[in-house]
Structures are given as C-alpha cells and as structure tokens.
1. So, in segment B:81-108, of the ones that are assigned to a loop (DSSP other than H, G, I, E, B) and not β-branched (Val, Ile, Thr), which residue ends up farthest from residue B:46 (Cα to Cα)?
2. With respect to residue B:198, is the statement that it is touching a residue at least 40 places away in the same chain (Cβ under 8 Å) and touching a Lys or Arg at 6+ places or on another chain (Cβ under 8 Å) true?
3. Just checking: which of the strands (runs of 3 or more DSSP E) contained wholly in segment A:29-84 hold 2 or more residues that are touching a helix residue (DSSP H, G or I) at 6+ places or on another chain (Cβ under 8 Å), more than 22 Å from residue A:235 (Cβ to Cβ) and within 14 Å of chain B (Cβ to nearest Cβ)?
4. List, please: which pairs have Cβ atoms under 8 Å, are six or more places apart or on different chains, and start with a residue in segment A:106-122 that is in a helix (DSSP H, G or I) and end with one that is surrounded by 11 or more Cβ atoms within 10 Å (Cβ to Cβ) and basic (Lys, Arg)?
5. Got a number for residues in segment A:47-70 being basic (Lys, Arg) and under 16 Å from the mean Cα position of the chain (by Cα)?
6. From the list B:252, B:270, exactly one residue is in the same structural domain as residue B:206 (by TED's automatic domain parsing), of a type in the set (A, V, I, L, M, F, W, C) and exposed (fewer than 13 other Cβ atoms within 10 Å of the Cβ). Which is it?
7. Against the definition (at pLDDT 90 or above, under 26 Å from residue B:160 (Cα atoms) and surrounded by fewer than 24 Cβ atoms within 10 Å (Cβ to Cβ)), how does residue B:24 come out, yes or no?
8. Cβ-Cβ under 7 Å, sequence separation 6+ or interchain: first residue in segment B:168-195 and acidic (Asp, Glu), partner open to solvent by 10 Å² or more (accessible area, probe 1.4 Å). Which pairs?
Amino acid sequence: MDTKATKAIEVTDLTVAYQETPVLWDIDLDVPPGVLLAIVGPNGAGKTTLIKAILGLVRPAAGNVLIYNKPYAAQRRIVGYVPQRGTVDWDFPTNVLDVVMMGRYGALGWIRRPGTKERELAMLALQKVGMEDYKTRQISQLSSGQQQRVFLARALIQDATVYLMDEPFQGVDATTERAIVTLLQELRENGKTVVVVHHDLQTVTDYFDWVTLLNIRRIASGPVDDTFTSDNLRETYGGRIAFMKNR
Amino acid sequence: MEYLSLLLQNHYTLIIVSIGAALLGTVSGALGTYAVLRRQSLLGDAISHAALPGIAIAFMLTGTKTHLILIIGAAIAGWLGSLVILSIVRLTRIKYDSALALVLSTFFGFGLVLHTFIQRTGNANQAGLDKFLFGQAATMLKSDVLTIGILGGVALVLMLIFWKELKLLIFDEGFAASIGFPIRSLDFLLTSLLVIAIVIGLQAVGAVLMSAMLVAPAVAARQWTNRLSLMVIIAAAIGAFSGVIGTIISSVTTRIPTGPTIILCTTVIVGFSIVFAPNRGLLLNRIRQKKNRRIFKLATQKTVLGERIQ
C-alpha cells in the first residue's frame, strides 16, 4: 500500500443507472485517509448504491473507483464492509461467533475452513463490540442493536484499512449508537478511513469529521465545518429542511 | 422351495430399492436444506417439472431406457429450465414467482406432449417412461442404485468442499461478493447440485412430487436445530428414513406408487416437527407463553396488592 497516498477512495465521473433514470449521476468524490465520513442525503439519493459501486457490487454505466490508487478488485483485503442489517435473514441457522468468523473468509480464500486463529480473532472483535457473552447465541435471538454489533465485529476481523458501512445506526438504541460511534472514532484514530451511510442530520457534526451530501449528484463533500451548511443542505434536500436553525 | 426362492428374490428387490431410496433421501434432504434456506423451495419444483421433456428427448434420440442416459437428458432440461427462470428475472421485469410458474408449466406441458407422442408411436420400448411422472421405485435396478449413489455422492462431496462458500452465499450474498467470491459461479454450483439431487430421484419419486423430497426434510430439520451442519444431517436422515419407509410400504402393497408414499411419510415427520420440536415447536411455545403470562399476571397482582396495603 502507498502510505503517502492522499486519497483512500477516489471516485471519478461515476454514473449508475438501473432503469431509465440514473441513480447516481457523474459523481466525483475524494476521501482522504483517516477520516470518518458520513454520506448524507434523502431517501433514494443513491447512498447505498454509491457504497455498492465502490465495492464493485453494482456495475456502473460510467466512471471509475480507486482504493489507494488501485481498482477495488486489487484492494479487497484492505476494505471492510458492513451491509445493511436488513439484507440478511436473521433466522439463518447459525450463531454469533460463526457470523463474525465470516469476516475472515476472504483472507482464508477458497475451501479452507476457519480454525483456532479465526476463533480467537472473532472473540477479540466480539469483546470490542461488547458481545463476548453472546458468542454461542443463535442470531435470531439478538436485538437489532446486537445484530448490528455482530456485523461490526465481522467487519473488524477483516482487519481493513478502509471501512464502508451502510446505515450502522439503523434501528439501534441510544446506548448502542454511542458504543458504535466510539468504535468508529477509535478506528479513525488508528488511521483507518471509515465511510458511513447516515440518516440522522442532528448527529452529523458530533460524530463525523467529513461529510458528503448526496442526492443523485454529489452536492458537496469535505470537512464537516465547511461543508455541512444550511445552503448545501437545502440544495440536497430541496428546501424541505427546517430544523437547522443555528447554521 | 420355489416359494422360498421367490420370497428371497422379492426381498432382494426390496433391499436394492430401499438402498436406492435411502441414498436418494440423503442427497435430496441435505441439498434441500440449501434450497429452503435460500428461499428457493419452488425452484426444485420447477427443475423437476422442467426435467420431463429432457427424459422424453433423451429416449427419442437414443431409443434406450438406460437410466443414466435418461437422467442426463433430465439434468440438461432441468438445468436449462432454471437458467431460463434466472434469465427472465434478470432481463425482464417479470417477478421470480411468475417466471417460475411460466417455465414450470411450459416445460412440463412440453414434456407431456412428447410423452404422449412417444406412446402413440407404439414403440415397444416406451412402456416405463410414465414412471417419471409419479415414480415407481419397485423398478429400480442395481445399476440404477449405483447411478444414484455415484451422482449423489459427487453432489454431497462438492457440497462439503464448498461448505463455507455456499453458507456465505446463502446468508449474505452481498458480503460474499465484497470479499471476492464469484456469486454467479457459486449460484451455478448450487443450482447444479440441486439439479443432480432432483434428477436422480425422478425415477423413484416422479417429477410431480420430487420437490417435496427437497423441501420437506429441510423444513422439518429446521425445527430441531439452530446449526446449519446439524440441519443438513437431520434433513438427510429424515430424507433417508422416509425414503426407506415409503418404499417398503409401496412395495408390499402393489397399487400404491412410491413417490406419494414417500412424500406422505415425510409429511408426517414435518407435521410432528412443527408441533413437537422443543424450541420452535407450536406446542411447547404455546405452553411457555401461557406459563409466562400466568407468572406476569401473578406478579402484577402482587404489586397491585402491595400498593393497596401501603
């Protein structure tokens, strides 16, 4: 990895379209290393699609994505992913430890099974998210906050440099939200780059240091202080925003 | 003496047929687990129905009723059917269930036309193709059982080799893709395994009911465990058990076809599992619920009483 790189993620001219109308239009986005970035925008703004396009999960109509100057396929091992909690069937017959160990599947490669080392890494990750007592718990018996912590633990043992997280705060209570934020900030302190799809505008300034405002197009992107302005928000949400009185 | 040797011969057939049905139940039970967990229970139905024209075409082309050749024909057609379904879903706006129904009935209808056509041509060799509709285990030969064993064995070994990959595919496809596993290839593998499990069972169980062999054991097994490995084992055991019992029942009574009998055996096990399983079963759940309610009611009354006394 190029340690002098100035861009952890570099998106250029990215357009994604499923049907007639584009979901993302001509996105340019530079994410510097070591920031905690929130992607913010109204429903249907293309936040999830942007994450998926960065991960190569959707094929863009045009444009280019680089992770530390290389295409995603060459950088898989340094990228961790937390999908939306609702995308999986939590009644799947497996337990917490097993799900967390899935984070090592990429490093293990084909056919090799997780062993003692993976188990230890998974336990460490579970301790970090405060879930070590739940290791043998069937995943359907978890609350939504606990499910989210399990997903985070799975991403942690990927031991990535860049993390992409799709709504990690969705459906979690205040305590879990605090715990997750602390964890994300810890990741940033350790030099990781963390990109988070976020919904709650009230907490953006508290939690994040960078923000990308998205609504099909990239409205603005940069440090929260310069970027998270009422003008930009109005442009992103189309003037339907009333709460930001003091900005 | 003659009677005795006849009896032995009958038993020999029964033993062969039972082994075949047990193998069949094991393979379809184990692989059916994946279909059920992937919410593709009906895909098995489509594949088994779609396999029918393949059997007819294989027979028309080769003129033989060699089990393996008919199975290959069935596999190609079944696989083609599932490919058509997936393509329809991917390329058009038609939803999965509609695509499934469309392909299932079209292929099956085509299969029936071909079968009728073969029957009308009066080919002396044609008798016996009908068994692929409803299944007739009693006609299973030693070589058939061998075919089932080898093909089923290959499918199970592949399932074990790619255990981790298939598990991740079913649980979290997006994550699997993000860490670099080729989703389409894994999907292809899983579908192929399902096709194998289905076509080896067509002779004994029949196209109409084969999907139940995949789905029912897995549904029952899910009731008893929260672990994928155990679920696969239990489903395989249930499949094998009902395969043998169903075969025996239909063998001793001449006029009952095997397929439906096996399915009825599985259904009994499914019913039992839904009601009596310890954690997910209806009965114990209901009892637990009632008990909890009583406890909470008592606790509430005590609190209310305590407040009054104060």
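The values are calculated or read from the model by the stated rules, or taken from the named source; none is laboratory data. Quantities reported herein were computed from a predicted structural model and do not represent experimental measurements. Positions of Cβ are generated from backbone atoms using ideal geometry, with glycine treated the same way; all protein chains shown enter the neighbour counts. All accessible areas refer to the heavy atoms of the entire protein, side chains included, with ligands and DNA or RNA removed. Shrake-Rupley method; radii C 1.70, N 1.55, O 1.52, S 1.80 Å.
1. Among those residues, the one meeting the criterion is B:93.
2. Answer is no for this residue.
3. A:62-67, A:79-82
4. From residues that are in a helix (DSSP H, G or I), the pairs are A:106/A:76; A:106/A:77; A:107/A:77; A:108/B:164; A:118/A:104; A:121/A:104; A:122/A:104; A:122/A:135.
5. 2
6. Within the list B:252, B:270, the selection yields B:252.
7. No.
8. Pairs that qualify, where the first residue is acidic (Asp, Glu) and the partner is open to solvent by 10 Å² or more (accessible area, probe 1.4 Å), are B:172/A:88; B:173/B:183.
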